[in-house]
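S.K.: Pasting in a structure now, in structure tokens, and then I'll have a few things to ask.
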Amino acid sequence: MTDSAEPIAPITLPDIRHPDKEEEWLRQSLHTWLDEEFLPETVNAKIAQRASKIFVRQRLEGENDLGSLVIAIIAEMRAFDFSRSFYSEFAVANAVSDLILDSLGIDRCCGE
């Protein structure tokens, strides 16, 4: 018996049409997720604002691959001071990915 894992197909988002609405939705959704996952903290608002701005800026620059968007959030959030938070750039980027997948009705478990 061979164990041949199939590669996960990339998830390509549709072109951005309403960047302000998309940024606001992501900011609010991520802030809510951050507050509910552990404890509500004032820094969560700053984290959500920064991550949503990175995400939308990347989208406006033409990036629609969700994996690449996650990597961009990780890279740019490294400069953020997470010392007053339970989170890291990895947790934030993964949460953004999960929120986007949920909004598209894509099962996070298996990519379908």
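The values are calculated or read from the model by the stated rules, or taken from the named source; none is laboratory data. Model, not experiment: these values are computed from the prediction. When we count neighbours, we look across all protein chains shown, and the Cβ atoms used for this are built from the backbone with ideal geometry, even at glycine. Accessible surface areas use protein heavy atoms only, side chains included; no ligands, DNA or RNA. Shrake-Rupley method; radii C 1.70, N 1.55, O 1.52, S 1.80 Å.
S.K.: Return the residue satisfying two criteria in turn: it lies in the stretch 76-99 and is hydroxyl-bearing (Ser, Thr, Tyr) and closer than 24 Å to Asn64 by Cα, and of such residues it is farthest from the chain's Cα centre (by Cα).
M.R.: Ser88
S.K.: What residue, of Val96, Val70, is surrounded by 15 or more Cβ atoms within 10 Å (Cβ to Cβ) and over 19 Å from Ala9 (Cβ atoms)?
M.R.: On inspection, the qualifying residue turns out to be Val96.
S.K.: Same structure again: Select from the stretch 1-43 the residues that are of a type in the set (Gly, Ala, Ser) and touching a residue at least 12 places away in the same chain (Cβ under 8 Å) and write down the one among them that is surrounded by the most Cβ atoms within 10 Å (Cβ to Cβ).
M.R.: By that ranking, first place goes to Ser29.
S.K.: Further question: Being of a type in the set (Gly, Ala, Ser) and in contact with a helix residue (DSSP H, G or I) (Cβ under 8 Å, 6 or more places away or on another chain) is the filter here; which residues of the stretch 4-29 pass it?
M.R.: Ser29, the sole residue that qualifies.
S.K.: Applying the selection to the stretch 73-93, what residues are open to solvent by 60 Å² or more (accessible area, probe 1.4 Å) and either on the phi > 0 side of the Ramachandran plot or not hydroxyl-bearing (Ser, Thr, Tyr) (or both)?
M.R.: Ala75, Arg78, Ala79, Asp81, Arg84, Phe86, Phe90, listed by residue number.
S.K.: Condition first: hydrophobic (A, V, I, L, M, F, W, C) and more than 20 Å from Pro19 (Cβ to Cβ). Can you find one or more residues in the stretch 60-67 that meet it?
M.R.: Scanning the stretch 60-67, I find no residue that is hydrophobic (A, V, I, L, M, F, W, C) and more than 20 Å from Pro19 (Cβ to Cβ), so the answer is no.
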